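What follows is a single structure, written as structure tokens, with notes after it.
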């Protein structure tokens, strides 16, 4: 009879606790998270960001993100934008903002007949690269809002603030999302390949999907909070920029080094179960990586675009790259990898086990959580369980098909 092997190390980030063997660094006090009350708050430098679901208030785990900057100055001052057949009421008391205060604004239509009602802002010094615009919005008489780069045609994205879904999307919008932010708020984002120089972002009030031209009633509109423009193909957590000064959130770096690592690590064979929620599936997104601080010796569980992988390099030579299935953004997964000489396996959730029977195992000296030193998860780590044995206690074989018992 096969027995379940107990993990040698368990890091339970969904309990909002950090094992003292994990070191976390992140310079600057510009990072934010959703706290246990579902409100946006600033997290000081070198502290972990345990991020909560703003609706269910469940802890999603440890948030790991790459460095990003908010390129829009005075990011919560919508009154300074150019208003056309509209007005902005600042610091409204009608609703609490996503940070729990009364610092949201209301974009309000006028009563002009058969026309648009807009709010426009020029973002200067951009490059001809993919940028992502995001903002928090809540219905206030109008339940639709559209965002567009009016310097570039075909970029309009329509957001339904009543149902939390995307409407019509322009052909030049490369990515878009709408995510619940609690208390009726949604975070809306849209990405485009902008033009070099000034790009004009325009927000349109709408009376339906793509209903940008209509007769206003003089009072209806949408609440707004926390505008952000980032160089990148997807949005990351809000970076408040409350003046003209630059605002950069530095990368979250979480590692296990020295004797904290060597005390639990078993050379030559082992296994790891990682539970994670990637916010993006673009590029290389490490979930956990074991290495020797070089690119020559690596054991990694990672996302490679939509492919969850066990990836192994020994002495600079690739040994295994096992694709375990398909993943999507903003979805919870478990990815398990096992390794021993000529016996490596990977499985996504409780799915098919994929194998590689020709591999040597590198010598490693540290663990990186949610990063490989260059690329970042940009998502949440819920837990990491490390097993130091690779034997019949780990898996059984039934009908010549491996069935793993770590779940």
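Assorted remarks:
- Some residue of the range 71-90 being touching a residue at least 12 places away in the same chain (Cβ under 8 Å) and within 29 Å of residue 284 (Cβ to Cβ): yes
- Residue match in the range 219-228 (condition: surrounded by fewer than 22 Cβ atoms within 10 Å (Cβ to Cβ), in contact with a strand residue (DSSP E or B) (Cβ under 9 Å, 6 or more places away or on another chain) and in a loop (DSSP other than H, G, I, E, B)): yes
- For the range 144-166, filtered to residues that are over 26 Å from residue 127 (Cα atoms) and surrounded by fewer than 20 Cβ atoms within 10 Å (Cβ to Cβ), the residue that is farthest from the chain's Cα centre (by Cα) is 162.
- Filter pass, residue 88 being assigned by TED's automatic domain parsing to the domain that holds residue 228, surrounded by fewer than 20 Cβ atoms within 10 Å (Cβ to Cβ), in contact with a helix residue (DSSP H, G or I) (Cβ under 6 Å, 6 or more places away or on another chain) and not in a loop (DSSP other than H, G, I, E, B): yes
- The set of residues from the range 241-250 being surrounded by fewer than 19 Cβ atoms within 10 Å (Cβ to Cβ) and either under 19 Å from the mean Cα position of the chain (by Cα) or under 26 Å from residue 23 (Cβ atoms) (or both) comprises 248, 250.
- Residue check: residue 130 meets all listed conditions (1) crowded, with 16+ Cβ neighbours inside 10 Å; (2) under 25 Å from residue 240 (Cα atoms); (3) modelled with pLDDT of 95 or more but one, namely (3).
- Residue 113 being surrounded by fewer than 21 Cβ atoms within 10 Å (Cβ to Cβ) and closer than 30 Å to residue 10 by Cα: no
Residue-wise test of (1) over 19 Å from residue 286 (Cβ atoms); (2) modelled with pLDDT of 95 or more; (3) touching a strand residue (DSSP E or B) at 6+ places or on another chain (Cβ under 6 Å).
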{"residue": "332", "(1), (2), (3)": "no, yes, yes"}
{"residue": "367", "(1), (2), (3)": "no, yes, yes"}
{"residue": "374", "(1), (2), (3)": "no, yes, no"}
{"residue": "379", "(1), (2), (3)": "no, yes, yes"}
{"residue": "385", "(1), (2), (3)": "no, yes, yes"}
{"residue": "389", "(1), (2), (3)": "yes, no, no"}
{"residue": "398", "(1), (2), (3)": "yes, no, no"}
{"residue": "401", "(1), (2), (3)": "yes, no, no"}
{"residue": "406", "(1), (2), (3)": "yes, no, yes"}
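- Evaluation of residue 190 against the conditions (1) in contact (Cβ under 8 Å) with a residue 60 or more places away in the chain; (2) under 27 Å from the mean Cα position of the chain (by Cα); (3) surrounded by 18 or more Cβ atoms within 10 Å (Cβ to Cβ) shows that the sole unmet condition is (1).
- Taking the range 304-320 as the range and being touching a residue at least 24 places away in the same chain (Cβ under 8 Å) and either surrounded by fewer than 22 Cβ atoms within 10 Å (Cβ to Cβ) or over 22 Å from the mean Cα position of the chain (by Cα) (or both) as the test, the residues that pass are 305, 306, 312, 313, 314, 315, 319, 320.
To keep it simple, each residue is scored yes or no on (1) within 30 Å of residue 122 (Cβ to Cβ); (2) touching a residue at least 40 places away in the same chain (Cβ under 8 Å); (3) over 19 Å from the mean Cα position of the chain (by Cα).
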{"position": "218", "(1), (2), (3)": "yes, yes, yes"}
{"position": "227", "(1), (2), (3)": "yes, yes, no"}
{"position": "256", "(1), (2), (3)": "no, yes, yes"}
{"position": "273", "(1), (2), (3)": "no, yes, yes"}
{"position": "302", "(1), (2), (3)": "no, yes, no"}
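- Residue in the range 167-183 that is in contact (Cβ under 8 Å) with a residue 12 or more places away in the chain, surrounded by fewer than 16 Cβ atoms within 10 Å (Cβ to Cβ), under 24 Å from residue 104 (Cβ atoms) and within 22 Å of the chain's Cα centre (by Cα) present: yes
- For the range 179-214, a tally of residues being closer than 24 Å to residue 86 by Cα and part of a strand (DSSP E or B) returns 16.
- In the range 55-70, the residues that are under 23 Å from residue 11 (Cα atoms), touching a residue at least 60 places away in the same chain (Cβ under 8 Å) and in a loop (DSSP other than H, G, I, E, B): 65, 66
- Among the conditions (1) touching a residue at least 40 places away in the same chain (Cβ under 8 Å); (2) touching a strand residue (DSSP E or B) at 6+ places or on another chain (Cβ under 8 Å); (3) assigned to a loop (DSSP other than H, G, I, E, B), the only one that residue 42 does not satisfy is (3).
The values are calculated or read from the model by the stated rules, or taken from the named source; none is laboratory data. Owing to the predicted nature of the structure, the values given are computational and were not obtained by experimental measurement. For neighbour counting, all protein chains shown are included, and Cβ atoms are generated from backbone atoms with ideal geometry for every residue, glycine included.
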